[in-house]
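The values are calculated or read from the model by the stated rules, or taken from the named source; none is laboratory data. Just so you know, these numbers come straight off a predicted model, no measurement behind them. Virtual Cβ from ideal backbone geometry, glycine too; neighbours counted across all protein chains shown. Areas reflect the complete protein model, heavy atoms only, side chains present, ligands, DNA and RNA absent. Shrake-Rupley method; radii C 1.70, N 1.55, O 1.52, S 1.80 Å.
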Amino acid sequence: VARAPAAGAHLDEHRHATLVLDTSALVAAGLPAASADAFWPTLGYACGNLAQTRVPALTGIAHLRPTRDELKAFAAAFGTSGAAALFHIVGVTPEAADLQTALGAAGSGEGVETLRLSPEQFASAWRTLDSGAPSSGGHDDGGNCGDGGGGGGDGGSGGGDCSGVDLVALGNPEVESLAAMVGGGGGAKHRDVRVIATLSRFVLEQAEAAGHALTLSEFGVEFINDTCWCMLGDVVPFPPIQSARTLITNSGKYAHYAPGLVNRSGFKVRYSGLAGCVAAARTGRAPPRP
């Protein structure tokens, strides 16, 4: 017989939202636009920072109809920056058909704080995740990158330009979308860049059956099964990380943890959506922030 403690989020009364996060200002500002897939982990990271231990109910984004993959990306980043056991997205998640339901006994909203997430807070979350970007000036010209960034004179890895990338670390990417991007005639992978994707064995088998794995392999994507980037390089020795000077990732969770996990002088982490990571794989350079 399976058992769970009668405490915390296992009890209905502790599953109700105790904070409302209004995201309507982001939509009014035109988000998500470019790097749409990066919107969800960045939003999750920003919301986790605001919520901390409180269970939030997000309003204003139900019309975006996030996919399961987008919700997973949100959840991973939300749990990285915050410590709440769960979240609700009104009109999307199962226990939040409307705000009143999400709030439970506090359904009137009286006494429940509402925070409005601004585009500036969203941009700040992106900058935190994109920690290896230039510190000032807004240009990837290497002027603020020290001696550890990637970027050689031919656009590849090495040298002192922090826009350079030598490892593309993809965390459980949406395989069909990735295959369409790399197989869409946009050019070959840069010879000095490694592209490695973590994904489950089951997803890889599906990708092989659909022909996507072959497309990705021909581009130069390597696969790591049944683990995540946060377990590689520290818990499990992994030469591509140990030798990389600058990596770019689509994972909000890994973008947060990688600097501390690698903990090597000069090592830099860039962050982008899937399309930006593919562009970096082709050019050896991180794209500018959207």
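If R₀ is 35 angstrom, what is the calculated FRET efficiency for the pair Gln52 and Ala209, using the beta carbon separation as r and rounding to 0.05? Mind dumping the intermediate values first?
On the way: r = 43 Å, r/R0 = 1.22.
Approximately 0.25, to the nearest 0.05.
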Taking the alpha-carbon centre of each part, the distance from the range 19-46 to the range 198-263 in Å is 25 Å
Per residue, accessible area of the chain with a 1.4 Å probe, heavy atoms of protein chains only, in Å², comes to 46 Å²
Looking only at lysines whose Cα falls under 19 Å of Lys268's and that sit 8 or more positions away or on another chain, we get Lys253
With every protein chain in place, the accessible area of His63 for a 1.4 Å probe, in Å² rounded to the nearest 10, comes to 110 Å²
Computed on Cα atoms, the radius of gyration and Dmax of the chain in angstrom are 20.0, 63
Long-range amide H partners of Val195, meaning residues 5 or more apart or on another chain whose placed amide H is closer than 5 Å, are Val168, Glu222
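Please find the FRET efficiency linking Ala7 to Glu95, where r is the Cβ-Cβ separation and R0 is fixed at 30 Å, and quote it to the nearest 0.05.
Working: r = 18 Å, r/R0 = 0.60.
Efficiency for this residue pair is about 0.95.
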With +1 on the Cβ of every Lys and Arg and -1 on the Cβ of every Asp and Glu, the dipole magnitude of the chain about its Cα centre, in debye rounded to the nearest 20, is 320 debye
Relative contact order of the chain (C-alpha contacts under 8 Å, at least 6 apart) in percent is 19 percent
Of Glu174, Glu218, ordered by accessible area with the largest first and a 1.4 Å probe, the sequence is Glu218, Glu174
Amide H proximity to Ser251 below 5 Å, modelled H, separation 5+ or other chain, gives Gly171
SASA check, Tyr45, accessible area w/ 1.4 Å probe, all protein chains in place, rounded to nearest 10 Å², comes out at 10 Å²
What helix-only [θ] at 222 nm does the chain give? Using -39500 (n - 2.57) per DSSP H run of at least 4, over all residues, to the nearest 500, the answer is -10000 deg cm²/dmol
Taking only protein heavy atoms and a 1.4 Å probe, the highest-to-lowest accessible-area order of Lys189, Lys253 is Lys253, Lys189
Taking Cα atoms only, helix 36-51 is inclined relative to the longest principal axis of the chain by an angle, in degrees rounded to 10, of 50 degrees
The ³J(HN,Hα) series, computed from each phi in the range 188-195 with the Karplus coefficients 6.51, -1.76 and 1.60 at θ = phi - 60°, rounded to the nearest Hz and given as x for glycine or proline, is 7, 5, 5, 5, 9, 10, 9, 10
Amide H proximity to Gly164 below 5 Å, modelled H, separation 5+ or other chain, gives Gly150, Gly151, Ala286
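Can you sort Thr249, Thr93, Thr53 by 1.4 Å-probe accessible area, starting with the largest?
Numbers: Thr249 0, Thr93 25, Thr53 110 Å².
Final ranking, largest accessible area leading: Thr53, Thr93, Thr249.
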Given unit charges at Cβ for Lys, Arg (+) and Asp, Glu (-), the dipole magnitude of the range 35-107 about its Cα centre in debye, nearest 20, is 80 debye
With the dipole of the chain defined by +1 on each Lys or Arg Cβ and -1 on each Asp or Glu Cβ, the option from Val269, Phe74, Pro32 whose Cα lies farthest towards the positive pole is Val269
